[in-house]
Structures are given as structure tokens and as C-alpha cells.
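Accompanying notes for the structure given below.
Bear in mind these aren't lab numbers, they're just calculated from the coordinates by the rules spelled out. This structure is a prediction, so every number in the text was calculated from the model and none was measured. Methodologically, a virtual Cβ is constructed for each residue, glycine included, from the backbone with ideal geometry; neighbour enumeration extends over all protein chains shown.
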Amino acid sequence: MKVTNIKFSNLKKLNYTGITEKNKELKNLTTFRVGGRAKLYLEINTLEYFIKVMTYLKNSNLNIFVLGNGSNVLVSSLGFDGIVIKLKGDFSRISIRGELLEIGAGVMLSQIINFTKNKNLSGFEYGIGIPGTIGGATCMNASAYDFEMSKIIKYVVAYDYDKIIYLKNEDCKFGYRDSIFQHGKYIILRVGVELKKSSRHEIENIIKEVCEKRNISQPLGTYNAGSVFKKKDNICVSKLLDEMGVKGLCVNGAVVSNKHANFIINKGNASSEDVINLIQKIKNMFFEKYKINLELEIKLIGEFNEIDR
Ligand SMILES: Cc1cc2nc3c(=O)[nH]c(=O)nc-3n(C[C@H](O)[C@H](O)[C@H](O)COP(=O)(O)OP(=O)(O)OC[C@H]3O[C@@H](n4cnc5c(N)ncnc54)[C@H](O)[C@@H]3O)c2cc1C
């Protein structure tokens, strides 16, 4: 079934709390600020509505993309011929029992860090500066310094296009920037994490130290989506990219950061084609020099010309 066959009015009727928009511009929902429109955009605030929408969409064969904070994605300038879902409202809540937290998929890591700091709970502080939701961070198994989602997750409550299920850490099949959630099956609703007691002073020191490091090494305040390429066999790709001299390399509005060789910045007017052409250029240079095929860390949404991912 094509998206155009979905009765927009029916979805609107179901949607008593959230936002339902046709032809939604996506670029402002991403940190890259690149890309076109989605056929449909749904902001879902309650589990009840989520289930109703999913039941309505069941068997529709539609492309559904769950967007977190859009900090690891590149949206095609041609847009996305499907439904983009964003979890808000009830999915933005944190509940706590001792050192166990259950966190709604739409909660930003920065909010969690603030919350846990005030409760003297340690586990997220090294993740400061990752501008994503816990849903996105779980899907990506985000990590930085001493932080890795897979190390603190106890369980994930997810939807498998039929029912709500409970996945233990080992069921999530976490790997480097990988999890079962990247393979099309589940939507993360809530994440259960286990933290450790610490002192506020110690947590604050770590936060300060990591913020300083990020400030020195990353082009903060620019439009980007973090590291473009994955590490390869534990090889530090950004160091090799730097040695290859890619900093400053550009295609129209897309340019490699002068601070971090694995970050591409949108100067303000870049199209997704500019970004992809720059990516392809870097991949070709890298392959020629190191005979290694770089893999994308960022997720592509929508249609793109053939690119070796
Ligand atoms: C300046 C900057 C610095 C960064 N630093 C780091 C870093 O140090 N370490 C690191 O690992 N990453 C880093 N990133 C990348 C990014 O922030 C992380 O991957 C983040 O966890 C993505 O979260 P998000 O909510 O933005 O997800 P999105 O970008 O919106 O989505 C990413 C993926 O998660 C999926 N997803 C989102 N929510 C759900 C859900 N509820 N259910 C199922 N799937 C879902 C999406 O479909 C998509 O496939 C950085 C990015 C930027 C811009």
C-alpha cells in the first residue's frame, strides 16, 4: 500500500494528543539540518495512541522511520516516502527505583545526566555531549570514553509491530554501533538501566572534563551528525582521515570539519547530494590509500543515489 492510500483523516481522528502533519519538513528535526519532507509525520504522546496507530498501520507495508533527536541521520533532499514517528509526552518520562531507572525512549541523554547527577547516580556522565535520545542511543549502542549504552542497559521494552515485548540486555544483540533495533524489527518504548551510587562532586568533575575534551576536539555549534564513518577493526578512522588531509575538503555546502576529520559540517545550504558526494570522495581516497572500505555510522533516510555503504 502506498502512503497516499492511508486515510489521513482516520489517523487524525486517532490522534487526540499528538501532532499529525502531512509533508513535514524534516531538516529542522535533525542536527545536520539537511533534507526534504516526509509524507507523514506523527508525534505520539501516549502508549494508547501508539498502539492504535500501529494497529491502524499494520499490514500496510509502509515505510516507518522512528526519529529520535535526529543527531545521527542524513535525510535525503528528495524526502522520505513514508511515515516518520517521534515519541514524546509519556515517552519523555523517567521513573526511578533505587539504582534502577526506567526511561522513556524520547528522553534526551542530557536530561538523564542532569537527573542522575542530582540523585548521585553514576553511569551516564561520560556520555555528556551526545545529543541524542535514549531510544536513539540504545539503537546505535552509543558510546564515548567510559560510557556505552550496552554496559548499563538491563532491559528494553519494545514494540514488535504486533505486541509489546520485554528484551533483556543479551536479547538486544549489542555490538559496536549495532543492536537488534537497527535491523527493522522493533521500536524502543522504554529502556531500563542500572546505575551505581557515586558522589555529585565526582560526577560533576567527569562532566566538566568530558565537555572540555569535546570542546577541543569537536566542531560544536555547527550543523553536523557526529562521526560519519565507523571505526574499523579498532583502527581510529578519524586519525587516518586527518593524516590523509581531508580536513577542509568540501562539496558545495558540505565541508569536512577543521577540528575533527570524521565530522562533515553543513555550512548552511548543503543538500544531501553534497554530503553524499563528499562522503563518496572520502571513501574513494581512503580505499585508495589504505585498501579499507569505510562504513557509514550515520543512518540515511529516504532515497539516495547508489552509494557503497
Ligand atoms: C556533535 C555530535 C556528537 C556526537 N557524539 C557521539 C558520541 O560520542 N558517541 C556516539 O555513539 N554517538 C555520537 N553522536 C551520534 C548521535 O548523537 C548518537 O548516535 C545518538 O545516540 C543518536 O540518538 P538520536 O536520538 O539523535 O537518534 P536518531 O539520530 O534520531 O536516530 C538514530 C537511529 O536510531 C533509531 N531510533 C531512534 N529512536 C528509536 C526508537 N525509539 N526505537 C527504535 N529505533 C530508534 C533511528 O530510527 C535511527 O536508526 C554524536 C552526534 C553529534 C551531532
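Tell me the trypsin sites (Lys or Arg not before Pro) within region 145-192 that lie in a loop according to DSSP and have at most 13 other beta-carbon atoms within 10 Å.
Those that pass, being in a loop and sparsely packed, are Lys163, Lys185.
Using θ = phi - 60° and the Karplus curve 6.51 cos²θ - 1.76 cosθ + 1.60, what whole-Hz ³J(HN,Hα) does each residue of region 279-296 get, with Gly and Pro shown as x?
Each residue of region 279-296 in turn: 4, 4, 4, 5, 4, 5, 4, 5, 5, 4, 7, 10, 6, 10, 8, 5, 9, 6 Hz.
Counting other beta carbons within 10 Å of each Cβ, put Tyr166, Tyr155 in order, fewest first. Intermediate results must be reported in sequence, preceding the final value.
Numbers: Tyr166 11, Tyr155 18.
In increasing order of surrounding Cβ atoms, one gets Tyr166, Tyr155.
Mind checking which aspartates and glutamates have their C-alpha under 14 Å from Lys185, skipping anything on the same chain fewer than 8 residues away?
Correct list for Lys185: Asp160, Asp162, Asp171.
Please list, by residue number, every one of the trypsin sites (Lys or Arg not before Pro) in region 14-91 that is coil in DSSP and has at most 15 other beta-carbon atoms within 10 Å.
On the way: sites: Lys22, Lys24, Lys27, Arg33, Arg37, Lys39, Lys52, Lys58, Lys86, Lys88; in loops: Arg33, Lys58, Lys88.
Here the trypsin sites (Lys or Arg not before Pro) that fit, given the DSSP loop and packing criteria, are Lys58.
Just want the ordering: Leu195, Leu220, Leu42, from fewest to most Cβ atoms lying within 10 Å of their own Cβ.
On the way: Leu195 20, Leu220 13, Leu42 23.
Fewest to most other Cβ atoms nearby, the residues stand as Leu220, Leu195, Leu42.
Quick check on my link table: of Lys24/Lys213; Lys27/Lys173; Lys86/Lys281; Lys213/Lys239; Lys119/Lys230, which ones sit more than 25 Å apart, alpha carbon to alpha carbon? Spell out each step's value before the answer.
Details: Lys24/Lys213 36 Å; Lys27/Lys173 31 Å; Lys86/Lys281 33 Å; Lys213/Lys239 16 Å; Lys119/Lys230 34 Å.
The pairs that break the limit, which is 25 Å between Cα atoms, are Lys24/Lys213; Lys27/Lys173; Lys86/Lys281; Lys119/Lys230.
Quick check: residue separation of Glu295 and Asp242 times 0.36 nm, minus the Cα distance between them. What number comes out in nm? Present the calculation step by step, with values, prior to reporting the outcome.
Numbers: separation 53, 0.36 × 53 = 19.08 nm, distance 1.69 nm.
Gain on extension, Glu295 to Asp242, equals 17.4 nm.
Kindly identify the chain as rounded, prolate or oblate by the Cα gyration tensor criterion: order the square roots of the eigenvalues as a ≥ b ≥ c, call it rounded if a/c is under 1.5, otherwise compare a/b with b/c, prolate if a/b is larger, else oblate.
Details: a/c = 1.82, a/b = 1.10, b/c = 1.66.
In terms of gyration-tensor shape, oblate.
Under the rule of at least 5 residues apart or a separate chain, name every residue whose amide H is placed under 5 Å from the amide H of Lys232.
Long-range HN contacts for Lys232: Val237.
Find the relative contact order for the chain and round it to a whole percent, using C-alpha pairs within less than 8 Å whose residues are 6+ positions apart. Display every interim value, and only then the final one.
Numbers: 626 pairs, mean separation 52.7, N = 309.
Result for the chain is 17 percent.
Taking region 75-175, which GluC sites (Glu not before Pro) meet the DSSP loop condition and have no more than 16 other C-beta atoms within 10 Å?
Details: sites: Glu99, Glu102, Glu125, Glu148, Glu170; in loops: Glu99.
Counting only loop positions with at most 16 other Cβ atoms within 10 Å, the GluC sites (Glu not before Pro) in region 75-175 are Glu99.
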